[in-house]
Amino acid sequence: MVSEKKNSFLTEFKTFIARGNVMDMAVGVIIGGAFSNITTSLINDIVMPFLGIFTGSISFAELNFSIGSAVIAYGNFIQAVLNFLVMAFVVFCLVRTINRLHRKKEAAPAAPPAPPEPSNEEKLLTEIRDLLKERR
């Protein structure tokens, strides 16, 4: 009985994993993680030094203040917000592009479908109609 439950559990798990959307989601998470590293590098290595010219500090991570013995590192928060905004902007651009491509595919006029072949009954009725017209 226990092995039967294990077997059905494993079968159900295999069915769950084999679904396309689960695999797509897994691929998305992996690519998202890699993309997050690219975005973090963009912020840390390109955007932050450029902003550092105007703020007088190379990195926002250095921005903080102390209240007693607690250090409030608001620069890290600013850097995380910038990272999020860049990532959100890039994802927005990707989704927008994909939506435009889908609209173009939908807008492309499809060839009109060929009329269906008349059934034998319709063919026979057409012949009868034509014969009746000839008799008149």
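The values are calculated or read from the model by the stated rules, or taken from the named source; none is laboratory data. Bear in mind that the values here come from a model prediction, so they are computed numbers and not experimental data. Cβ coordinates were reconstructed from backbone atoms using ideal geometry, including for glycine residues, and neighbour counts include every protein chain displayed. To get the accessible areas, we keep the full protein, side chains included, count just its heavy atoms, and leave off ligands, DNA and RNA. Shrake-Rupley method; radii C 1.70, N 1.55, O 1.52, S 1.80 Å.
Just so you know, in region 95-118 the residues that are among the charged types (D, E, K, R) and part of a helix (DSSP H, G or I) include one that is modelled with the lowest pLDDT, and it is Glu106.
Apart from one condition, Phe35 fits all of (1) modelled with pLDDT of 85 or more; (2) touching a helix residue (DSSP H, G or I) at 6+ places or on another chain (Cβ under 8 Å); the exception is (1). If only one of Phe54, Phe35 is open to solvent by 100 Å² or more (accessible area, probe 1.4 Å) and in a helix (DSSP H, G or I), which one is it? After ruling out the rest, the residue left standing is Phe54.
Here Gln79 meets each of (1) outside any helix (DSSP H, G or I); (2) in contact with a Phe, Trp or Tyr (Cβ under 7 Å, 6 or more places away or on another chain); (3) among the polar types (S, T, N, Q) with one exception, condition (1). Just one of the listed residues (Glu127, Glu121) is in a helix (DSSP H, G or I), surrounded by 10 or more Cβ atoms within 10 Å (Cβ to Cβ) and either modelled with pLDDT of 85 or more or among the hydroxyl-bearing types (Ser, Thr, Tyr) (or both), namely Glu127. Of all the residues in region 71-101, those that are under 17 Å from the mean Cα position of the chain (by Cα), open to solvent by 70 Å² or more (accessible area, probe 1.4 Å) and touching a residue at least 12 places away in the same chain (Cβ under 8 Å) number 0. When Phe65 is tested against (1) open to solvent by 100 Å² or more (accessible area, probe 1.4 Å); (2) touching a strand residue (DSSP E or B) at 6+ places or on another chain (Cβ under 7 Å), exactly one condition is not met: (1).
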